[in-house]
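This report refers to the structure that appears directly beneath it.
The values are calculated or read from the model by the stated rules, or taken from the named source; none is laboratory data. The model shown is predicted, which means the values in this text are computed figures rather than measured ones. Cβ placement follows ideal geometry from the backbone for every residue including glycine, while neighbour counts extend to all protein chains displayed. Each accessible area value is taken on the protein alone, full model and side chains, heavy atoms only, with ligands, DNA and RNA left out. Shrake-Rupley method; radii C 1.70, N 1.55, O 1.52, S 1.80 Å.
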Amino acid sequence: MFLLTACSSVSGPGRDIVERAIALQFSQTQEDLIQLLNPQDPTFPPFTISNVKITDEQGLQIGNLRGFRVRGTYDVTLEFPGRTVTQKANPFEIYLQRQIEGKTWRLARRQANPKNQTDTESWVTQLVL
């Protein structure tokens, strides 16, 4: 009797890709918030993402391509005029879609489907690298 095991050559995103995706998502969220709170001055201070710790990574299908749900924590440092603020161990959950050629990744977000539409999930993606 033989036991065959399959090795997957599809690996998840590297820490640098995850860090860039977190920065992209953080930036978009903050820009949306600033637009709501202060539309007359929609500027957001420069920031740095660091100390990314991945605690969970699961493969899944996003659209017709391979994807990953990645969870963990990160630190963010915001550079305000005259002061610096650091928030530590912020939790994150991001979805990343590997492109067909395997060279680039896209940040994916679930798109809400209106009622009476199909039950299939739809995603909006944005290039990370």
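Quick check on Gly67: is it at positive phi and either small (Gly, Ala, Ser) or in contact (Cβ under 8 Å) with a residue 24 or more places away in the chain (or both)? Answer is no for this residue.
Within region 39-64, residues that are assigned to a strand (DSSP E or B) have Cβ atoms under 6 Å from residues that are hydroxyl-bearing (Ser, Thr, Tyr) in these pairs: Thr48/Thr77; Ile49/Tyr74; Val52/Tyr74; Lys53/Thr73, counting only partners at least 6 apart in sequence or on another chain.
Filtering region 54-63 for residues that are open to solvent by 90 Å² or more (accessible area, probe 1.4 Å) and more than 18 Å from the chain's Cα centre (by Cα) leaves an empty set.
Sort out which residues of region 23-47 are open to solvent by less than 80 Å² (accessible area, probe 1.4 Å) and hydroxyl-bearing (Ser, Thr, Tyr), and write them in order of number. Ser27, Thr29, listed by residue number.
Quickly run through region 64-82 and pick out the residues that are of a type in the set (Gly, Ala, Ser) and buried (at least 16 other Cβ atoms within 10 Å of the Cβ). Lay out the reasoning, then the answer.
First, the residues of region 64-82 that are of a type in the set (Gly, Ala, Ser): 67, 72, 82.
Correct list: Gly67, Gly72.
Quick check: anything in region 98-112 more than 25 Å from Asp16 (Cα to Cα), at pLDDT below 85 and not in a helix (DSSP H, G or I)? For region 98-112, residues more than 25 Å from Asp16 (Cα to Cα), at pLDDT below 85 and not in a helix (DSSP H, G or I): present. Once region 58-82 is narrowed to residues that are among the charged types (D, E, K, R) and modelled with pLDDT of 95 or more, the residue that is nearest to Glu31 (Cα to Cα) is Asp75.
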